[in-house]
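Inspection log for the structure reproduced underneath, given as structure tokens.
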Amino acid sequence: MSRLTSLRSGGRGIGHLLGYRVGGHGRQRRAARRQARPAPSHCGPPPGPPLGRPARPAPSGRPAPPPGRLLGHGRSSTGQSSTLLGRRAPEVVVVGLSIGIVGLPNVGKSTLFNALTNNDALAANYPFATIEPNIGAVSVPDPRLDELAKLYASERVVPAPVTFVDIAGIVKGASEGEGLGNKFLAAIRETDAICQVVRAFEDPDVIHVDGRVDPLSDIEIINTELVLADLQTVENRLVKLAKEARMRPELAPVLAEVTKARDILNSGETVSLAASRGVLDVGLLAELHLLSAKPCVYVFNVDEAALGDEARRAELAALVAPAESVVVCAQIEAEVAALDASDAAELLAGYGQTESGLAQLVRIGFRALGLQTYLTAGPKESRAWTIKIGDTAPQAAGVIHTDFQKGFIKAEIVSFEDLVAAGSLPAARSAGKARIEGKDYVMQDGDVVEFRFNV
């Protein structure tokens, strides 16, 4: 019996594989329809074309793809959507953290990017070695998934994703066309947060564009260029927005807020700082994707000697407080990325570190953006899903597929700690640790969830 036949005869579809349950409405009618038609003999699309329709030839120079097999998320191995239980199987909506990396030339941006993403972007000792943006996606470190995989004998582990975008170095006067200008800032306008890499190491072999290492001065240059780039965006938008608001009165609040943002930027203040003081509503500015409105994490790139120097770390953190900051050595991070977990932990411990720069950056990025993860587990996979703090159970289900949110019935939830302590979901149920929650439940980080829905 094929896998698809087995799923059909058991009345359990793709939701069961992922840790969700489909509601029982109409199950008898579907069973009757299944009995009236022959079961398929394979798990993918039919090997030949439908009757009466000629086979479509493969594109020139490319062999025809083999029949796909059903994968855990309704996708065939050829990348096409599969159909399960008479309807199109849900496709996964990938929601994750995206971070844009900015900084002056020769501060270690590309070296850090390579270490974080295990990539090979050019890192050279001259300005503007990076021309085109480098983009790399990595997994969010989450040891809880390995524990779940053991409990459920999962075939694979799927961590939450995080994307890094590394752009060309920014120099003073970029907004006026100096260096490569600020045209590359467009590549990070739609990222969730900004990681500003600041040089805090001395090395006569690595030139500094200003001829000296001064972290505070470098930060001021980058922040000024971000503000000036936003000012150009706001002024360009105001011209059209003023005309639109005359014809559409409902745009008046947006016009007022954008005008206020222009004045704030003209004063040299960032949008995020103004918002933190409660004088600006960034929600009305969302469509502008302003750079200075994004949460910013400062990454100080130090040499090996300073990595374990607590006094130096505190000194650097004070430069940007209350903003979040991380102190790393990009060269050490590159070495860590090439090691297995045990060797990497040993190397970091030698410098007084308990986690890698990637783990620190992602953790702080999640906190700055108000994000958290919940977990699903089953024989097919153990997976982490990214949601906002305060999201309800239906909203969390919608991250997987909008149909899950629309047809949400309830969710069975157990905390990761309680599940691991019990040893299994049945044991957690017996101990009263698993509970059924409705539409008003607010998700917590580390919830292990099985959604029940009807579509």
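For LEU307, what is the net charge nearby, where nearby means another residue's Cβ is under 11 Å from its Cβ and Lys, Arg count +1, Asp, Glu -1? Summing Lys and Arg as +1 and Asp and Glu as -1 gives -3. Length gained on full extension, LEU347 to ALA431: 26.1 nm, using 0.36 nm per residue less the C-alpha separation. Taking 16 Å as the straight-line reach from the Cα of LYS150, the lysines in range (excluding those fewer than 8 positions away in the same chain) are LYS380. Each Lys or Arg adds one and each Asp or Glu subtracts one; over the other residues with Cβ under 11 Å from the Cβ of PRO253, this totals -2. Once the 1.4 Å probe is applied to the protein heavy atoms, region 281-398 comes out at 41 Å² accessible per residue. Computed with a 1.4 Å probe over protein heavy atoms only, the accessible surface of region 236-277 comes to 62 Å² per residue.
Each label point was placed 7 Å from the Cα along the Cα-to-Cβ direction; for ALA305 and LYS150 their separation is 4.3 nm. Placing unit charges on the Cβ atoms only, positive for Lys and Arg and negative for Asp and Glu, gives region 327-424 a dipole magnitude near 580 debye about its Cα centre.
When the trypsin sites (Lys or Arg not before Pro) in region 245-293 are filtered for DSSP coil states and for at most 15 other beta-carbon atoms within 10 Å of their beta-carbon, the remaining sites are ARG277. Each part reduced to its alpha carbon centroid, region 401-455 and region 245-285 end up 41 Å apart.
Computed extension length for ASP210-ASP263: 16.1 nm, one decimal, from 0.36 nm per residue of separation with the Cα-Cα distance subtracted. Take LEU216: with every protein chain present and a 1.4 Å probe, its accessible area is about 70 Å².
The values are calculated or read from the model by the stated rules, or taken from the named source; none is laboratory data. Every value quoted in this text rests on a predicted model; they were computed, and no experiment measured them. Please note: Cβ atoms are built from the backbone with ideal geometry, for glycine as well, and neighbour counts cover all protein chains shown. Only protein heavy atoms, including side chains, enter the accessible area calculation; ligands, DNA and RNA are left aside. Shrake-Rupley method; radii C 1.70, N 1.55, O 1.52, S 1.80 Å.
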